[in-house]
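Here is the structure we will look at.
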């Protein structure tokens, strides 16, 4: 994926999060602090501001842009979400710029796996814990399957976004075992995880960016 498409992706993510920030806040009010939507909105506003400042830099690869976005998210989003989202973007960017397959679909699949693994390590999350890992893992696996079947980036991204949205819905009946929501015990059942919902928006923004090429 080139740097121009990466810029479009990040801007589309900011747009979707801005549009859905009230819903994300309502989700977080049910099982968290109630500030997730505001925090994500602030973080992606900071990312777009950084993109505006660096728009004349011609040597910015997709990987560098994503690492920069990750750094910005870590410093501008409060709570646990900043490190989690930030680390995933940094892992994604570092893998894209590192050694790997020449085919861009397989390279991006490896980068998504690295990003998912970073969430797993940092948050110590397992499948079924009702976290964003319940979205990142199936989405990255869906992307890899689509790429392995010969699909292009846009087709693979759509498969990942569909899996991400299914992953969000799957968090609703789960009992949270990580994060603040875990303190609610059975009362966390019946609510979607807000971090998972935000991540699904980011995957949908990737589809929008790739289909806009």
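Yes/no matrix, rows are residues, columns are (1) assigned to a helix (DSSP H, G or I); (2) in contact with a strand residue (DSSP E or B) (Cβ under 7 Å, 6 or more places away or on another chain); (3) crowded, with 24+ Cβ neighbours inside 10 Å:
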residue: 106; (1), (2), (3): yes, no, no
residue: 112; (1), (2), (3): yes, no, yes
residue: 116; (1), (2), (3): yes, no, no
residue: 128; (1), (2), (3): no, no, no
residue: 145; (1), (2), (3): yes, no, no
residue: 150; (1), (2), (3): no, no, no
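If you check residue 92 against the conditions, is it out of contact with any strand residue (DSSP E or B) (no Cβ under 9 Å at 6 or more places or on another chain) and touching a residue at least 60 places away in the same chain (Cβ under 8 Å)?
On the way: out of contact with any strand residue (DSSP E or B) (no Cβ under 9 Å at 6 or more places or on another chain): yes; touching a residue at least 60 places away in the same chain (Cβ under 8 Å): no.
In short, no.
When you go through 201, 206, 210 one by one, which is the residue that is over 19 Å from residue 107 (Cα atoms) and in a helix (DSSP H, G or I)? Explain how you work it out, then say what you get.
Details: 206 fails: over 19 Å from residue 107 (Cα atoms); 210 fails: over 19 Å from residue 107 (Cα atoms).
Selected residue: 201, the only one of 201, 206, 210 that is over 19 Å from residue 107 (Cα atoms) and in a helix (DSSP H, G or I).
In this structure, does residue 31 turn out to be farther than 19 Å from residue 3 by Cβ, modelled with pLDDT of 95 or more and in contact with a helix residue (DSSP H, G or I) (Cβ under 9 Å, 6 or more places away or on another chain)?
Numbers: farther than 19 Å from residue 3 by Cβ: yes; modelled with pLDDT of 95 or more: no; in contact with a helix residue (DSSP H, G or I) (Cβ under 9 Å, 6 or more places away or on another chain): yes.
No, not satisfied.
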Check: If you check 66, 96, 84, 92, which single one turns out to be at pLDDT below 95, in a helix (DSSP H, G or I), closer than 21 Å to residue 211 by Cβ and touching a helix residue (DSSP H, G or I) at 6+ places or on another chain (Cβ under 9 Å)?
Finding: 96
Next item on the list: Pull up the range 164-181, narrow it to residues that are in contact (Cβ under 8 Å) with a residue 40 or more places away in the chain and assigned to a helix (DSSP H, G or I), then point me to the one that is nearest to the chain's Cα centre (by Cα).
Entry: 164
Note to self: Any residue at all in the range 25-35 that's at positive phi and surrounded by fewer than 18 Cβ atoms within 10 Å (Cβ to Cβ)?
What the structure shows: yes
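The values are calculated or read from the model by the stated rules, or taken from the named source; none is laboratory data. Worth saying up front: this structure is predicted, and the values here are computed from it rather than measured. Quick reminder, even Gly has a Cβ in these numbers, built from the backbone with ideal geometry, and neighbours come from all protein chains shown.
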